[in-house]
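Reading through the structure tokens given below for one structure.
The values are calculated or read from the model by the stated rules, or taken from the named source; none is laboratory data. It should be emphasised that the depicted structure is a prediction, and the values quoted were computed from it without experimental measurement. Positions of Cβ are backbone-derived with ideal geometry, glycine not excepted, and every protein chain shown enters the neighbour counts.
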Amino acid sequence: MNIHTRTPLEAYRLAVEQQGFVSDAAQQHAVEQLQRCYEALQRGDFPQGVYLWGPVGRGKTWLMDSFHGALQVPARRQHFHHFMGWVHRRLFELTGTAEPLQVLAWELAAEIRVLCFDELFVSDIGDAMLLGRLFRSLFDEGVVLVATSNQPPEQLYAGGHNRERFLPAIDALLQHMQVVAVDGSQDHRQHPGQRHQRYWVRQAGQPSALPALLAALRQGEPVSHEPLQVGHRRITVHDHSERVLHGGFDQLCEQPLATGDFILLCDRFKAIVLGDVPALSAQQRPAKIARGTEDAAERVAAGDRQLPALSIHDNAVRRFIALVDECYDRRVPLYLEAAVPLEELYTEGYLAFAFRRTLSRLQEMQLERFG
């Protein structure tokens with residue numbers, strides 16, 4: 001690391017004084033905690049990590065990235081879902097190994113001093129069951145964790161099935177991290193910056209804005225209408241060139257794609273154009289009971305759990321959220337043409353809380369500085 005790299009506090013002051021950032025007390029407190037952690041690491045100490053949580057657009061990711069960029073010790077910065085994907089792949093490779101989570105912790109501790117997570121969010125029971133042991137093993141090996149989240153540790157996986165299996169993970173976070181609320185009144189993603197339209201509303205009977213957009217983005221590149229080979233599967237899309245992917249909402253969000261597929265798409269393309277995005281709001285449908293026995297005729301005391309009350313679009317919305325997250329994290333511009341204005345895209349459904357972050361990120365994508 002360059003010895004002239006700015007410290008987290010220096011980077012924040014410069015952003016406020018010269019780059020048009022709007023300072024607030026919550027950010028100031030957060031950067032002071034990051035600065036303390038940074039200075040302790042510089043001295044060779046083993047400080048508490050920092051857990052930054054708060055509403056969308058409050059600068060949590062920017063603050064963490066400034067901290068990570070300043071570090072002069074080995075560190076890794078990952079979106080939390082990417083990290084968990086790596087954990088599951090590595091555990092599969094370690095099948096038959098005694099204490100595989102401990103082996104993972106040893107491997108990471110041998111490689112890095114600091115692990116930075118963006119968007120720590122737990123919704124999967126498999127992840128919840130792993131994280132308590134994994135976090136404790138990492139902390140025992142001296143790995144310092146810095147993370148961002150929209151929720152405080154105590155609210156992670158709230159209402160999740162078998163949540164008691166996740167409580168050791170929460171205890172480990174509270175014991176080894178300084179929890180800092182970054183909850184200022186302003187959504188900093190909305191300023192500063194000139195607007196750059198990347199979202200269009202398709203009016204009935206009017207031509208689409210996408211043909212002209214695609215011609216401008218491709219700049220004469222050859223176009224193929226053949227299905228895309230993505231990993232081990234083929235994906236049908238409208239068309240694609242070397243740098244630009246053009247697909248429909250039904251092709252990328254209503255098909256059984258996963259986060260790993262969106263990672264590969266962002267590896268390959270410099271811009272993604274998504275058309276025919278419908279209004280995604282819908283009433284939640286009555287939830288079913290997941291039976292834990294072969295005889296599911298009656299509800300039993302053990303093994304049953306209430307499934308979430310999803311709307312008809314929510315499975316597709318999950319994929320849409322994952323696509324937006326990947327494009328945002330990788331700075332790949334996502335261009336959308338939809339049936340309704342952005343603020344009306346998803347206003348009702350089980351995923352309303354998670355979609356707040358998606359909406360904020362899509363709004364930031366309408367600024368010149370993105371991408």
>> For the stretch 205-250, give me each residue that is basic (Lys, Arg) and under 27 Å from the mean Cα position of the chain (by Cα).
In response: ARG233, ARG234, ARG243
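To keep it simple, each residue is scored yes or no on (1) touching a strand residue (DSSP E or B) at 6+ places or on another chain (Cβ under 9 Å); (2) at pLDDT below 85.
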{"position": "THR5", "(1), (2)": "no, yes"}
{"position": "ARG13", "(1), (2)": "no, no"}
{"position": "ASP24", "(1), (2)": "no, no"}
{"position": "CYS37", "(1), (2)": "yes, no"}
{"position": "GLN42", "(1), (2)": "no, no"}
{"position": "GLY49", "(1), (2)": "yes, no"}
{"position": "TRP53", "(1), (2)": "yes, no"}
{"position": "ARG76", "(1), (2)": "yes, no"}
> Among the residues of the stretch 161-186 satisfying the criterion of being under 19 Å from the mean Cα position of the chain (by Cα) and surrounded by fewer than 19 Cβ atoms within 10 Å (Cβ to Cβ), which is modelled with the lowest pLDDT?
Replying inline: ASP183
>> Can you tell me how many residues within the stretch 55-70 are outside any loop (DSSP other than H, G, I, E, B) and either modelled with pLDDT of 95 or more or hydrophobic (A, V, I, L, M, F, W, C) (or both)?
In response: 6
>> Need pairs with beta-carbon distance below 6 Å; first residue of a type in the set (Lys, Arg) and within the stretch 257-283, second surrounded by fewer than 18 Cβ atoms within 10 Å (Cβ to Cβ); sequence gap 6+ or separate chains.
In response: LYS270/ARG243
> If SER23 passes every condition in (1) more than 24 Å from the chain's Cα centre (by Cα); (2) free of Cβ contacts under 8 Å to residues at least 40 places away in the same chain; (3) part of a helix (DSSP H, G or I) but one, which one does it miss?
Replying inline: (3)
> Looking at ARG218, ARG243, which is the one that is surrounded by 13 or more Cβ atoms within 10 Å (Cβ to Cβ), touching a Ser or Thr at 6+ places or on another chain (Cβ under 6 Å) and touching a residue at least 24 places away in the same chain (Cβ under 8 Å)?
Replying inline: ARG218
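Residue by residue, here is whether (1) surrounded by fewer than 19 Cβ atoms within 10 Å (Cβ to Cβ); (2) charged (D, E, K, R); (3) modelled with pLDDT under 95; (4) within 23 Å of the chain's Cα centre (by Cα) holds:
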| position | (1), (2), (3), (4) |
| --- | --- |
| ILE263 | no, no, yes, yes |
| ASP276 | yes, yes, no, no |
| ARG285 | yes, yes, yes, no |
| THR293 | yes, no, yes, no |
| ASP304 | yes, yes, yes, no |
| LEU307 | yes, no, yes, no |
